[in-house]
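Each remark here refers to the structure printed beneath this line.
The values are calculated or read from the model by the stated rules, or taken from the named source; none is laboratory data. The structure displayed is predicted, hence computed values, not measured ones. Here the Cβ is made from the backbone with ideal geometry for all residues, glycine too, and neighbour counts use every protein chain on show. Quick note on the areas: whole protein, heavy atoms, side chains included, nothing else; ligands and nucleic acids left out. Shrake-Rupley method; radii C 1.70, N 1.55, O 1.52, S 1.80 Å.
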Amino acid sequence: MAIGSVVLGRLGDRVGRKSAFIVCLLSLAAGSLLSARAQSLGALFLWRTATGIGLGGLTPLAATFISEWTPSRVRTIAVACAVVSVPLGGMMGAMIAQRAIPSFGWRAIFWIGTALPLVLVIVAACLLRESPRFLAQNPVHSKRLAAIMNRLVREPRFVGSERFYVTEPAAPARHWLGIIVSREYRHTTLLLWSAFAFNTLGLYTYANWLPTVLTAAGFNFGSFFGAVGGAILIGRYGSRLVGTGLALLGVGATLLIEVALSDSSPPGLQLSLLVLAAGAAFSGMQSFLYAVGAHSYPTYVRAAGVGCAQSISRIGGVLGGLAAGAFFGLQPQPPLSRFFYALGTLVIMVAVSFFLLRTHIAPNRQRQ
C-alpha cells in the first residue's frame, strides 16, 4: 500500500485521475485473481503485495478526485464519507468472509475480491468523468473539458476551442518530490507527514489491539460519527479549530482510558464512552488529513502529495503494531493502563502538527 500510494498517486498527476483510478481497480482484481489461484505461501505473499499496491492508490486518488469535483461547501464532508467507507468496507468484508469461508473455502474471498473491482472498472469507465482541474492543465484536453462543462451548465456554452486555466501557479520544471519538499511546500509537507504518521499509529493501535484488550464496538461506532460529524463542523468553523479539537479529544480519551483502567472498580459505561470518543477522534482526523492534504497542494502534484503522505502514515501504523506487540509480549506483563498512557503521550503530536499547518480549510462563510 505504501508503494501504491506514491506510484499510483503520481500516475494520477501524469495521465489523469480516472485512468489511474481504473489502474488501481485492475490491480486489485488481478492481485485477487492470482491470490485465489496461488499454490504456495510465497506466491500468495507476492500476489497480496500486488493487491496492496492497487489498494494503496485508491484512497489518495479518491480524495483528490472528490476534492476537485465537489463544491467547496460540501467538499470536506464528501472526502470524509469516502475515507470512512474504507473501515465500513472492511467490516462488510469480515461479515462476508465469516459466512463464505466455512461453505466455500478461503479462496472464495479472493474470487469475490476479483469480481467486485471488475464491476467497478466497468462502472468507472462508463460513468466517471475526468477531473476538470486536471484537464484544464493541458490545451490538448479542451474538447473533453468543454463537453464536461456543457453537461454541468446544461447548455452548449463551450465548443472546445477555448483555452481553460486553473487559478494557480504553473507547474515548475522540477521532479514532483522536489516540489512537495521545496521551500514553498516543505512546512506543509513535513507537518502533514507528522500528523498522518502519528494519527495512523493511534488509529491502527486501536483497530488492531482494541479487540484484544477491550472491545472494538464503540470504537467502530464512533469512527463514523467522528468523520462525518466533524466534517460538517469544518464547514462552519474551519479545519484548524475542529481538527485540532478532535485530535485533543483523542489524546484526552486515551489518557482517561489509562485512568479508568488504573481504578480498581469496573469502569463499565465510562470506559465505553471513552472508547467511543477515541474512535470519533482518530477516524475523524484520518478523514480530515486527506481533505486538508488535497487542499494543500496544487493540481499538478495533488495526488502524489496526498499519496506520499499516506505512504509515510504506514510507518506510524507499522511502528504502532510493533510497539504494541512488544508491550504485550513483556514478562511480567506491565499494567494495561501504561499502554494507553504511552499511546496518549505519543498522539499529542497529531494535535500539534495539525494546528501548525498553514493550509487549513476556511469556514464556508469565508469562501463565499
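So the values come out like this:
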{"quantity": "Pairs where the first residue, in the stretch 236-261, is open to solvent by 80 Å² or more (accessible area, probe 1.4 Å) and the second is assigned to a helix (DSSP H, G or I), C-beta under 6 Å, 6+ apart", "calculated": "Leu248/Ala351; Leu256/Leu274"}
{"quantity": "Some residue of the stretch 217-229 being assigned to a helix (DSSP H, G or I), modelled with pLDDT of 90 or more and either open to solvent by less than 30 Å² (accessible area, probe 1.4 Å) or in contact with a Lys or Arg (Cβ under 6 Å, 6 or more places away or on another chain) (or both)", "calculated": "no"}
{"quantity": "Pair list, Cβ under 6 Å, 6 or more apart: the stretch 60-73 residue farther than 12 Å from Pro132 by Cα, other residue of a type in the set (Gly, Ala, Ser) and open to solvent by 50 Å² or more (accessible area, probe 1.4 Å)", "calculated": "none"}
{"quantity": "Index of the failed condition, Thr49 passing every other in (1) open to solvent by 50 Å² or more (accessible area, probe 1.4 Å); (2) in contact with a helix residue (DSSP H, G or I) (Cβ under 9 Å, 6 or more places away or on another chain); (3) farther than 24 Å from Val23 by Cα; (4) among the hydroxyl-bearing types (Ser, Thr, Tyr)", "calculated": "(3)"}
{"quantity": "Residue, farthest from Leu201 (Cα to Cα), within the stretch 334-353, restricted to residues that are open to solvent by 60 Å² or more (accessible area, probe 1.4 Å), at pLDDT 85 or above and of a type outside the set (A, V, I, L, M)", "calculated": "Arg338"}
{"quantity": "Test result for Arg14, in a helix (DSSP H, G or I), without any contact (Cβ under 8 Å) to a residue 24 or more places away in the chain and under 18 Å from Ser311 (Cβ atoms)", "calculated": "yes"}
{"quantity": "Selected residue [surrounded by fewer than 17 Cβ atoms within 10 Å (Cβ to Cβ) and either of a type in the set (Val, Ile, Thr) or farther than 29 Å from Pro71 by Cβ (or both)] from Leu127, Leu116", "calculated": "Leu116"}
{"quantity": "Any hit, the stretch 322-333, residues being buried (at least 21 other Cβ atoms within 10 Å of the Cβ) and part of a helix (DSSP H, G or I)", "calculated": "yes"}
{"quantity": "Entirely in the stretch 129-199, the helices (runs of 4 or more DSSP H) that have 3 or more residues that are out of contact with any helix residue (DSSP H, G or I) (no Cβ under 6 Å at 6 or more places or on another chain) and within 25 Å of Val352 (Cβ to Cβ)", "calculated": "none"}
{"quantity": "Counted residues, the stretch 154-178 - those being within 18 Å of Glu68 (Cβ to Cβ) and either in contact (Cβ under 8 Å) with a residue 40 or more places away in the chain or surrounded by 13 or more Cβ atoms within 10 Å (Cβ to Cβ) (or both)", "calculated": "6"}
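Each row is one residue, and each column tells you yes or no for (1) aliphatic (A, V, I, L, M); (2) crowded, with 17+ Cβ neighbours inside 10 Å.
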residue	(1), (2)
Gly42	no, no
Gly54	no, yes
Leu61	yes, yes
Ser67	no, yes
Arg73	no, no
Thr76	no, yes
Ala82	yes, yes
Ile101	yes, no
Arg107	no, no
